[in-house]
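**Q** Can you keep this structure in mind? I'll have questions shortly.
The values are calculated or read from the model by the stated rules, or taken from the named source; none is laboratory data. Note that the coordinates shown come from a computational prediction; the quantities given were computed from them, not determined experimentally. Neighbour counts run over all protein chains shown; Cβ positions are idealised from the backbone, glycine included.
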Amino acid sequence: MTTSIRAVCFDLDDTLYPYRQYARCGLAAAADLLAAETGERYHEQLHELYVDGGITHGTFDVLAERNGLPDRLVADCVEAFHTSDEPLTPYPATEKALEQLTPTYACGVITDGRGGREKLRRLGLESSFDHVVVGPEHSESKESRIVFDRMLSVLSVSPAETVYVGDDPRVDFRHPNRLGMTTIRVRTGRYADADPPAEIDEPDYDCPSLTAVPTIVASAASIEAQSISRVDSDPRSEDPNVR
């Protein structure tokens with residue numbers, strides 16, 4: 001009996017690790033830069049803006065405007081935020097899930113996040129994946145099917161042979177569903193309670209964390225294999241008039 005599931009691909013931020021950890025490291029790095037440049041401490045203000053105030057876009061613009069900082073420091077802060085070298089820690093279930101999956105399936109990462117490869121290095125996970133697609137490296141995102149096509153092409157698998165695991169129903173599942181992948185949502189991170197915008201954004205499976213993913217993948221593979229076996233063993237399948 002041959003399984004038709006050959007690959008498992010993952011989103012990165014909030015799927016393999018908590019993004020807020022990356023943000024905290026980045027905010028601290030930006031605040032340290034500002035302290036070196038201005039002699040003033042902005043750590044608490046940045047935390048209040050980003051974490052307490054929910055200003056996660058244009059954070060440094062707001063800080064600069066409120067404190068009369070020169071515009072040049074905004075770009076420097078953004079760069080410091082994304083180039084922090086502090087180690088990151090995966091979710092507790094991540095490494096165990098990968099240990100169970102990698103011996104059997106090709107594994108990949110598809111991310112829209114800047115610095116995806118560096119994040120994997122900081123997480124100590126870069127060797128766990130056969131291929132990584134970072135959308136910004138190609139001026140692309142998961143709003144387009146192209147990033148998924150790139151992964152399928154490199155891994156030499158079809159959508160039906162691929163499982164995609166993500167956390168954000170706004171962007172993660174629409175194109176994998178349209179392509180015919182098996183989709184799994186993990187309820188971790190910032191979008192754990194977010195509702196899918198439309199029916200096409202609903203995953204095939206929904207689970208609290210990555211702990212359940214290997215079992216779901218094995219189950220999906222078994223279902224596919226049984227389906228193939230039934231078709232191959234059914235003498236009616238050789239009759240072109242049978243539907």
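**Q** Restricting attention to segment 177-208, which residues are touching a strand residue (DSSP E or B) at 6+ places or on another chain (Cβ under 8 Å), crowded, with 17+ Cβ neighbours inside 10 Å and assigned to a loop (DSSP other than H, G, I, E, B)?
**A** Correct list: Met181, Pro203.
**Q** When the residues of segment 89-105 are narrowed to those that are polar (S, T, N, Q) and in a helix (DSSP H, G or I), which ends up surrounded by the fewest Cβ atoms within 10 Å (Cβ to Cβ)?
**A** Step by step, filter segment 89-105, then rank; the result is Gln100.
**Q** Ok, one more. Scan segment 89-118 residue by residue and report those that are touching a Phe, Trp or Tyr at 6+ places or on another chain (Cβ under 7 Å) and over 22 Å from Tyr164 (Cβ atoms).
**A** Thr89
**Q** Report yes if Ile223 is modelled with pLDDT under 95, surrounded by fewer than 21 Cβ atoms within 10 Å (Cβ to Cβ) and among the β-branched types (Val, Ile, Thr), otherwise no.
**A** For Ile223, the condition - modelled with pLDDT under 95, surrounded by fewer than 21 Cβ atoms within 10 Å (Cβ to Cβ) and among the β-branched types (Val, Ile, Thr) - is met.
**Q** Restricting attention to segment 116-128, which residues are surrounded by fewer than 20 Cβ atoms within 10 Å (Cβ to Cβ) and outside any helix (DSSP H, G or I)?
**A** Within segment 116-128, Gly124 is the sole residue that qualifies.
**Q** Cβ-Cβ below 6 Å, separation at least six or inter-chain, first residue in segment 97-124 and in contact (Cβ under 8 Å) with a residue 40 or more places away in the chain, second of a type in the set (Ser, Thr, Tyr) and surrounded by 20 or more Cβ atoms within 10 Å (Cβ to Cβ): which pairs?
**A** Leu123/Tyr17
**Q** Quick one: would you say Ser209 is farther than 14 Å from Phe10 by Cα, out of contact with any Leu (no Cβ under 6 Å at 6 or more places or on another chain) and hydroxyl-bearing (Ser, Thr, Tyr)?
**A** In short, no.
**Q** Return yes when Pro214 is surrounded by 13 or more Cβ atoms within 10 Å (Cβ to Cβ), within 14 Å of Val8 (Cβ to Cβ) and at pLDDT 95 or above and no when it is not.
**A** It is true that Pro214 is surrounded by 13 or more Cβ atoms within 10 Å (Cβ to Cβ), within 14 Å of Val8 (Cβ to Cβ) and at pLDDT 95 or above.
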